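Structure first, commentary second.
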Amino acid sequence: MIGIGVIGYGYWGPNLVRNFAEAPGARLVSVCDARAERLVEARRRYPFVQTTERYQELLTEPSVDAVAIATPVSTHFELAVEALRSDRHVLVEKPLASTSEQATELIDEAARRNRVLMVDHTFVYTGAVRKIRELVAQRALGDIYYYDSVRVNLGLFQHDVNVIWDLAVHDLSIMDFILPGEPVAVSATGISNIPGQPENVAYITLFFADNKIAHLHVNWLAPVKVRRTLIGGSERMIVYDDLEPSEKVKIYDKGVTLSAGGEEV
């Protein structure tokens, strides 16, 4: 049984703690947060767990084999590298780090120590996304023409990363998991409507060598919550709506037929 320590009991940390407490094969050992009032809540819900305000104490606890980090992005690198150097496996809330250089250093450190380093890209483990991957791999859609996603809401504003780092990473992880090939070029545009804060609305376009195109729209300042992805192919098309309580994935048996007079759908 693997012993788990969780650093950060704020927004996402309670979800990790709950799942680790219930997961077969895992034993929740310790929860760390710099705020004493959050640890009071953790002890109330999980009276068997150790708590500490100092992450160094968690990293020296012999029964902790793996560490999950759910803290502000600006702290991910420091906490993750210390956890790896203490020979723990590490799960980090997305995004992995603040820069690609930091991410590369963490990957190298994990490889040197033969430890698992993982990012909490939750959607690639859902049944809906795995089914879409299966359909694409089986060429049930034919040739993929486009990937178009919208992830918007009137939600929580982050202060140390912009909306691309906060929301678009979900869609990029799904796209990378589903689509064959890698983008060869990318264009990103964003704007901040709140003075002094990171960009809250952004549009990303990704270009592929085989004439596919992907477009991502993310927004913290929308009046409605939307989590919808369209994937168009030569034979079929998919609508993936994560907010649907059932039938999250719908397949449309429609493609494009070329005729002498033009294109027919």
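Below, the figures for the structure above:
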{"quantity": "Criterion: surrounded by fewer than 17 Cβ atoms within 10 Å (Cβ to Cβ) and in contact with a strand residue (DSSP E or B) (Cβ under 6 Å, 6 or more places away or on another chain) - qualifying residue of 185, 214", "calculated": "185"}
{"quantity": "Residue 2 vs. criteria crowded, with 20+ Cβ neighbours inside 10 Å and within 23 Å of residue 112 (Cα to Cα)", "calculated": "no"}
{"quantity": "Hits in the stretch 98-137 (condition: closer than 25 Å to residue 13 by Cβ and polar (S, T, N, Q))", "calculated": "98, 99, 102, 122, 126"}
{"quantity": "Single residue of 155, 142 found to be under 20 Å from residue 202 (Cβ atoms), of a type in the set (Gly, Ala, Ser) and surrounded by 13 or more Cβ atoms within 10 Å (Cβ to Cβ)", "calculated": "155"}
{"quantity": "Residues of the stretch 14-32 satisfying the condition of being at pLDDT below 95 and under 14 Å from residue 52 (Cα atoms)", "calculated": "none"}
{"quantity": "Pair list, Cβ < 9 Å and 6+ apart or interchain, from the stretch 8-21 residues that are in contact (Cβ under 8 Å) with a residue 24 or more places away in the chain to residues that are in a loop (DSSP other than H, G, I, E, B) and among the polar types (S, T, N, Q)", "calculated": "8/71; 10/71; 13/71"}
{"quantity": "Among (1) in contact (Cβ under 8 Å) with a residue 40 or more places away in the chain; (2) more than 25 Å from residue 40 (Cα to Cα) - the single one residue 77 does not satisfy", "calculated": "(1)"}
{"quantity": "Listing of helices (runs of 4 or more DSSP H) fully contained in the stretch 21-124 that carry 3 or more residues being among the hydrophobic types (A, V, I, L, M, F, W, C)", "calculated": "36-45, 76-85, 100-113"}
{"quantity": "Check on residue 181, at pLDDT below 95 and outside the structural domain of residue 100 (by TED's automatic domain parsing)", "calculated": "yes"}
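The values are calculated or read from the model by the stated rules, or taken from the named source; none is laboratory data. Quick caveat: nothing in here was measured; it's all calculated off a predicted structure. Note that each Cβ is placed from the backbone with ideal geometry, even for glycine, and that neighbours are counted across all protein chains shown.
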